[in-house]
Amino acid sequence: MKIPFSPPYIDDDVIREVNDSLLSGWITTGPKVALLEEELKEFTKSKGVVCVNSWTSGAILMLKWLHLEKGDEVIVPAYTYCATAMAVIDAGAKPIMVDINDDLTIDVEKIKEAITPRTKAIIPVDIAGVPSQYEKIKEIITSKQVVEMFSPSNETQRMLNRIMLISDSAHSLGAIANNRSVAQIVDVCILSLHAVKNITSAEGGAICLNLPEPFNNENERKHLKILSLNGQTKDAFTKNQAGGWRYDVVECGLKINLPDVNAAIALSQLRKYDYLLKERKRVYDRYSSLLSKYSWAKLPYQDTDSVKSSYHLYPLRLNPITEKQRDELIEYLSKKEIATNVHYIPMPLLTLFKNMGYNMENYPKAYNTYCREISLPIYPQLKDEEIDYIVNNLVQGYNKVREENI
Ligand SMILES: *Cc1c(COP(=O)(O)O)cnc(C)c1O
């Protein structure tokens, strides 16, 4: 049995939607993107959506929109995909890394300690699809003491008048906290539509706006659309209409628009999100029920009445195990043609960040999690007998690597 880690969900409806775009005479940003933005807005109940070509480019755009300067700081968890911090660096500011909680989300107490007068934004990550503790974080950034410390250096920051809360929701499209989507809680929620995510456009991302007063979300959405297209006042679709040739360039933007042919894939998938989520939950729950009898298997996050994951990953932790044994277990499973993964190699272990002076010793929980974590395959197409096969091999592999190393 050959089990890939995260193949995309491509059915006849996806193919039909992509074909429709290919045969329409228009393949880059146009009607399909406009539809996807509308449907994502409705799905996330946000106040406006701008599709872009990745999570990373969307985050850079939002931080550019906030006009970050050298010396500005953005707080991020140490335990995430590198893009979370890379976007901050690309926008000209400094990522301040903090440690995580047992549920893999950012430690709110550590955020408190990390805030300085230079803190301009916080980017919590909804790892595996579990919403971060946004209500607590909002309490901190709107508290009198922290608001008084905030020192805006331009008009956008003055309008916001506090630290901006941006979610890295690359995993959490469809997650719920207290009957709300993440996009309804934070200032800006950024989704990834990368090939391995719950909904994909092969490569892509979406910025979901929920900016507080006095911002006008529709005006900011239009502004961001322009910024995502080189600062050009008309997109190619509009310019392509007879007589529509004249345009202006008003600002130095980025070129990060999402093509229609990509949007078509996500559009078709989004329309059956409920089914896709139900199937992910089936896989998640089957793993948990099969693994619950092993004391060495620390099961990942379980939903509560108010907080519901989008089941993007199944981040199992093993105990006892060493990092070396975990690596051997991954090797054992790969010989059985089962692809697994580790989410994540904490950023301070990566050369770029090490060279910048980040030190893994400052993030003990992130390091401990990394050493014993193994992510099992989870996607709607995974059959029950495949799940059983994965678990059987995992149990055998665990026993083997433990015996050999005792
Ligand atoms: C995938 C991912 C990203 C980056 O998404 P792209 O669309 O590839 O730029 C950022 N953060 C997390 C947590 C991710 O998993």
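At a Förster radius of 45 Å, what calculated FRET efficiency corresponds to the Cβ-Cβ distance of Asn319 and Thr116, to the nearest 0.05?
Rounded to the nearest 0.05, the efficiency is 0.80.
Need one number: % antiparallel among DSSP beta bridges in the range 12-270, to the nearest 5. All intermediate terms of the calculation are to be shown ahead of the outcome.
Working: 15 of 29 bridges.
Counting DSSP beta bridges with both partners in the range 12-270, the antiparallel share is about 50 percent.
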>> Give me, ordered by chain and number, the residues 5 or more places off Lys94 or on other chains with an amide H under 5 Å from its own placed amide H.
In response: Gly71, Asp72, Glu73, Val74
>> I want to check the label-to-label distance for Lys144 and Glu38. Put each point 7 Å from Cα in the C-beta direction and report it in nm to one decimal.
In response: 4.8
> Anyone know which of Ser334, Ser132, Ser57 comes out most mobile in the 10 Å Cα GNM of the chain?
Replying inline: Ser334
>> At 222 nm, what value in deg cm²/dmol follows for the chain if DSSP H runs of at least 4 each add -39500 (n - 2.57) and the sum is divided by all its residues, to the nearest 500?
In response: -12000 deg cm²/dmol
> Of Ile127, Thr156, Ile141, whose Cα points farthest to the positive end of the dipole of the chain (charges on the beta-carbon: +1 Lys, Arg; -1 Asp, Glu; origin at the Cα centre)?
Replying inline: Thr156
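Antiparallel as a % of all DSSP beta bridges within the range 71-178, to the nearest 5?
Numbers: 1 of 12 bridges.
Of those bridges, close to 10 percent are antiparallel.
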> Rounded if a/c is under 1.5, else prolate if a/b beats b/c, else oblate: with a ≥ b ≥ c from the C-alpha gyration tensor eigenvalues square-rooted, which is the chain?
Replying inline: oblate
> Helix 55-65 versus the longest principal axis of the chain: what is the Cα-based angle in degrees, 0 to 90, to the nearest 10?
Replying inline: 40
>> Please report the net charge: other residues with Cβ closer than 12 Å to the Cβ of Ile10, K and R +1, D and E -1.
In response: -3
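Length gain on complete extension for the stretch Ser288 to Leu352, per 0.36 nm per residue less the alpha carbon to alpha carbon distance?
Working: separation 64, 0.36 × 64 = 23.04 nm, distance 3.60 nm.
Between Ser288 and Leu352, full extension yields an extra 19.4 nm.
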>> Per residue of the range 28-36, what does 6.51 cos²θ - 1.76 cosθ + 1.60 with θ = phi - 60° give for ³J(HN,Hα)? Whole Hz please, x for Gly and Pro, Karplus curve as stated.
In response: 9, 3, x, x, 5, 5, 4, 5, 4
> For the chain, which cysteines have no disulfide-compatible partner, meaning no other cysteine Cβ under 4.7 Å?
Replying inline: Cys51, Cys82, Cys252, Cys371
> How much net charge surrounds Glu337 when only the other residues with a Cβ under 14 Å from the Cβ of Glu337 are counted, with Lys and Arg +1 and Asp and Glu -1?
Replying inline: +1
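When a/c is below 1.5 the answer is rounded, else prolate if a/b is larger than b/c, else oblate, so apply that to the range 274-405 with a ≥ b ≥ c taken from the square roots of the Cα gyration tensor eigenvalues. It would help to have the intermediate numbers written out before the result.
On the way: a/c = 1.88, a/b = 1.28, b/c = 1.47.
Oblate is the answer for the range 274-405, as a/c is 1.5 or above yet b/c matches or exceeds a/b.
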>> Straight-line reach from Lys272: which lysines fall under 23 Å, measuring Cα to Cα and dropping same-chain residues less than 8 apart?
In response: Lys32, Lys41, Lys45, Lys47, Lys197, Lys281, Lys308, Lys383
>> Compute, for the range 12-270, the length of the dipole vector about the Cα centre, with Cβ point charges of +1 (Lys, Arg) and -1 (Asp, Glu) only. Units Debye, rounded to 20.
In response: 640
>> Given points 7 Å out from each Cα along the Cα-Cβ axis, report the Lys298 to Arg16 separation in nanometres with one decimal.
In response: 4.6
> Which angle between 0 and 90 degrees, to the nearest 10, do you get for helix 384-404 versus the longest principal axis of the chain when only C-alpha atoms count?
Replying inline: 60
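Quick check on the exposure proxy: order Trp55, Trp245 from fewest to most C-beta atoms within 10 angstrom.
Values: Trp55 26, Trp245 10.
Ordered from fewest to most neighbouring Cβ atoms within 10 Å, Trp55, Trp245 come out as Trp245, Trp55.
For the range 1-124, what does the alpha-carbon gyration tensor say about shape, rounded, prolate or oblate, given a ≥ b ≥ c as the root eigenvalues, a/c under 1.5 as rounded, and a/b over b/c as prolate? Intermediate results must be reported in sequence, preceding the final value.
Working: a/c = 2.60, a/b = 1.69, b/c = 1.53.
It is prolate, given that a/c is not under 1.5 and a/b is the larger ratio.
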> Could you give the angle, 0 to 90 degrees to the nearest 10, between helix 260-270's Cα long axis and the longest principal axis of the Cα atoms of the chain?
Replying inline: 50
>> Let's see if you can work this out: charge +1 on each Lys and Arg Cβ, -1 on each Asp and Glu Cβ, no other charges. What is the dipole magnitude of the range 1-139 about its Cα centre, in debye to the nearest 20?
In response: 500
> Based on the Cβ-Cβ distance of Arg271 and Ser151, what FRET efficiency does E = 1/(1 + (r/R0)^6) give at R0 = 35 Å, to the nearest 0.05?
Replying inline: 0.20
>> What does the charge count around Ile374 come to, taking other residues whose C-beta lies under 9 Å from its C-beta (Lys +1, Arg +1, Asp -1, Glu -1)?
In response: +2
> Can you sort Glu139, Glu404 by how many other beta carbons sit within 10 Å, fewest first?
Replying inline: Glu404, Glu139
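Based only on other Cβ atoms within 10 Å, what is the fewest-to-most ordering of Cys252, Cys51? Can you show the working numbers first?
Numbers: Cys252 9, Cys51 29.
Result, fewest neighbours first: Cys252, Cys51.
Each value in this text was obtained by applying a stated rule to the coordinates, not by laboratory testing. This is a predicted model, so every value here is computed, not measured. Every residue, glycine among them, receives a Cβ derived from its backbone with ideal geometry; neighbour counts consider all protein chains shown.
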